[in-house]
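Chemist: Before we start, here is the structure in question, set down as structure tokens.
The values are calculated or read from the model by the stated rules, or taken from the named source; none is laboratory data. Computed from a predicted model, the values in this text were never measured in an experiment. Positions of Cβ are backbone-derived with ideal geometry, glycine not excepted, and every protein chain shown enters the neighbour counts.
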Amino acid sequence: MRTPFIFAALAASLFPLSASAQQSALQQLGAGAMPEVTAVAVPMALPGGTLTVYAYPPYRPLSWKTPKAALTTLFPNMVAESLPGGHQVDFLDENGDQDSMSSNNRSSVGHVITHVSCTLTDGKTYDAWTGFSGDEDPAVDKDNLLHKKLGLGVLFKEYTDGHVISGDENRLELIYYKGRKGIAPRYWQQNIDGAACGRVRDMVEFFRGFGDAEGRPEATPLYYTFNIDPYQSYLARLSGQNARVGADCATYGLGLLKAAGKYDASLDPALALKIEVSERLIGGIADVSGQMRTVSVWEILGALGSHWTYPGYANRTVSTFDPYLVWKFIGETGACLSGTPGCSPAAAGWLATKGGAVTAGPIQQLSDTQDVKSSTAAQLRQLTTNMKIEGIVAE
């Protein structure tokens, strides 16, 4: 076989050896013996990786100026979210079962999704797409508002249908998000070490352990609510307390940042929606006479909905992270980094404390290719959908 001699001659012309060295090399090749090669060990991956929080806003902005404004801006989003359109997107859920969603993914209140991809301290890898949700049963909402007349008491309900959505559905929700005027999701990618990777994994698996809401034992509820901090309830369970466990999508996503040790509590005013609500607006609780108070949705859409608080009534506090505010803050931080309009004092202050450890991230492009039925003929065509997402990266 002549190939080794050709390589040897070429190497000798490019990297001249001494005459004895050239002769020795050619003798080894001619005798069929290959030069001894020293194996180079492939370094193991360093523990750590990334935790990425994705956020997208409601289809139309919500106004929280008054209860009436909140409802009148929410209802059009709920209608838009339910409108048909697009095509069916098929996927396999976390159990390997066939499922589907609409490519016309509009949101009434916004959403937060997380993706953790990292290496643990023992060298094992962990990768999970997760988001938190409730079943959003229209019949339940109708019963609470129209029949039970809970009014703004729905903001304080703890629904037992909370569950973690795992797997590719989360990525597809980002790809097929339909925002008005081309508005796209944004991301906050946080670099984490191996120990933080383990803490995030443990919290994700804890919430996954509750399973699906359907068929879950009543003794182990996982609440969908604005009124429980998921990270604190998780820690309480770890310490042996019989704490109620629950979340909504944004508190769950930022709760994972807390588990990683990467959340700054000074951001609460920028990311949290906090509203004082008068008990006058809350149905399902006793009034001063001991009678169960009812508040119809029509009262809130009328004069009663002009204020959040009323003199002579106690207030209750709604405090939760808001997907829109998370999305907005990421954009404001990006504006500060790029020097473009939109940099907020909160984002600028946070960056000042980070000392250059936050940068504008690369544009992420998430893609999905589906076989779609043609609207003009009973045949399939292949359609690729891309979503470009801007964001920030933090150490």
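Chemist: Identify all residues within the range 164-174 that are touching a Leu at 6+ places or on another chain (Cβ under 7 Å) and crowded, with 20+ Cβ neighbours inside 10 Å; write none if there are none.
Modeler: Correct list: Leu174 only.
Chemist: Out of the residues in the range 126-151 meeting the condition of being free of Cβ contacts under 8 Å to residues at least 60 places away in the same chain and more than 27 Å from Trp327 (Cα to Cα), tell me which one is surrounded by the fewest Cβ atoms within 10 Å (Cβ to Cβ).
Modeler: Top of the filtered list is Ala139.
Chemist: Still on this structure, please answer the following. Suppose the filter is of a type in the set (A, V, I, L, M) and in the same structural domain as Gly151 (by TED's automatic domain parsing); does Val318 pass it?
Modeler: Spelling it out, it is not the case that Val318 is of a type in the set (A, V, I, L, M) and in the same structural domain as Gly151 (by TED's automatic domain parsing).
Chemist: Another question about this same structure. I'm trying to understand the selection: among the residues of the range 173-213, which are part of a helix (DSSP H, G or I), in contact with a strand residue (DSSP E or B) (Cβ under 6 Å, 6 or more places away or on another chain) and closer than 25 Å to Ala357 by Cα?
Modeler: If the condition is that a residue be part of a helix (DSSP H, G or I), in contact with a strand residue (DSSP E or B) (Cβ under 6 Å, 6 or more places away or on another chain) and closer than 25 Å to Ala357 by Cα, then Gly194, Cys197, Val200, Arg201 are the ones that fit.
Chemist: Run Thr333 past the list (1) in the same structural domain as Leu150 (by TED's automatic domain parsing); (2) of a type in the set (Ser, Thr, Tyr); (3) surrounded by fewer than 18 Cβ atoms within 10 Å (Cβ to Cβ) and report the number of the one that doesn't hold.
Modeler: All conditions are met except number (3).
Chemist: Condition check: surrounded by 16 or more Cβ atoms within 10 Å (Cβ to Cβ), under 30 Å from Ile300 (Cα atoms), of a type in the set (Ser, Thr, Tyr) and modelled with pLDDT of 80 or more. Does Ser107 satisfy that?
Modeler: yes
Chemist: Out of Ser266, Ser306, Ser233, Ser239, report the one residue that is of a type in the set (Ser, Thr, Tyr) and not assigned by TED's automatic domain parsing to the domain that holds Val204.
Modeler: Ser306
Chemist: Here's something else I'd like to know. Would you check which residues across the range 70-102 are assigned to a helix (DSSP H, G or I) and without any contact (Cβ under 8 Å) to a residue 12 or more places away in the chain and list them?
Modeler: Selection gives Ala70, Phe75, Val79, Ser82.
Chemist: Pull out all pairs, ordered by first then second residue, where Cβ-Cβ is under 7 Å, the residues are six or more apart or on different chains, the first lies in the range 224-243 and is more than 16 Å from Met203 (Cα to Cα), and the second is part of a helix (DSSP H, G or I).
Modeler: Phe226/Leu155; Asn227/Phe156
Chemist: Scan the range 103-112 for residues that are part of a strand (DSSP E or B) and more than 18 Å from Asp248 (Cβ to Cβ) and jot them down.
Modeler: Passing the criteria: only Asn105.
Chemist: Does the range 177-221 hold any residues that are hydroxyl-bearing (Ser, Thr, Tyr) and surrounded by fewer than 17 Cβ atoms within 10 Å (Cβ to Cβ), and which are they?
Modeler: Matches in the range 177-221: Thr220 only.
Chemist: Considering every residue within the range 113-120, establish whether at least one is assigned by TED's automatic domain parsing to the domain that holds Ile192, part of a loop (DSSP other than H, G, I, E, B) and touching a Cys at 6+ places or on another chain (Cβ under 8 Å). Explain how you work it out, then say what you get.
Modeler: Within the range 113-120, the first condition is being assigned by TED's automatic domain parsing to the domain that holds Ile192, and the residues that meet it are 113-120.
Imposing the further condition that a residue be part of a loop (DSSP other than H, G, I, E, B) reduces the set to 120.
Narrowing further to those that are touching a Cys at 6+ places or on another chain (Cβ under 8 Å): 120.
The answer is yes; a qualifying residue exists.
Chemist: Taking the stated definitions as given, is Asn191 more than 19 Å from Pro323 (Cβ to Cβ) and without any contact (Cβ under 8 Å) to a residue 12 or more places away in the chain?
Modeler: Answer is no for this residue.
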